[in-house]
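The values are calculated or read from the model by the stated rules, or taken from the named source; none is laboratory data. From a predicted model like this one, the values you see are computed outputs, not experimental measurements. Glycine also receives a Cβ, built like all others from the backbone with ideal geometry; neighbour counts cover every protein chain displayed. Areas reflect the complete protein model, heavy atoms only, side chains present, ligands, DNA and RNA absent. Shrake-Rupley method; radii C 1.70, N 1.55, O 1.52, S 1.80 Å.
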Amino acid sequence: MRGAMLFAVGLVVGLAVHVAIAQNNSGVEMMNHVAFNVPNIEEAVTYYTQKMGYREAFRANNPDGTPRLVYMQISKNTFLELQPVTPQRAAGFNHYGLHVENVAEAVARLRKNGLTVSDVNRSDTKAVLANITDPYMGRIELAELPPDSLHYKAIESWK
């Protein structure tokens, strides 16, 4: 059931992104990932690898060694991001991520359109990121994936 829900959400969001790309010059190359907060990261990784057939692409850990996020690779360019539930993050949908060629240009264009967008930063996964505050979904992540990013390396290693 959970897998079917994820598939349906992915289809709807993917369709919306493709319609938006067709209607304007957004700079979006593709939808890259959907992120969910889960109560137990290791159980979720086991479920998605053993039951769904996804592979663990990479993970980023907190300083204490616990997972901060785990990327599950669904297809060459599509990921499921898992983050642990915290007192500030309830279980369920967290955000979706869009792959853009140039985050700084996308941020400037979106701010010009009146959107609230965070400043650009480089994450510990080496992706260049910014976040749109979306009044309907909460957060949309913009991700530029340079060759040294863990995302790019996972995409390039797909067989």
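Observations on the structure shown:
- Sequence-distant contacts, meaning Cα pairs under 8 Å at least 6 residues apart, place the relative contact order of region 85-159 at 30 percent.
- The spread of Cα positions in region 21-140, taken along each principal axis and listed from longest to shortest, comes to 43, 31, 27 Å.
- Global geometry of region 96-159, whether rounded, prolate or oblate, following the gyration tensor of its Cα atoms and the 1.5 cut on a/c: prolate
- Remark: region 77-159 carries 54 Å² of accessible area per residue (probe radius 1.4 Å; ligands, DNA and RNA excluded).
- Extending 7 Å from the Cα toward the beta-carbon at both ARG68 and ARG111 defines two label points whose distance is 2.4 nm.
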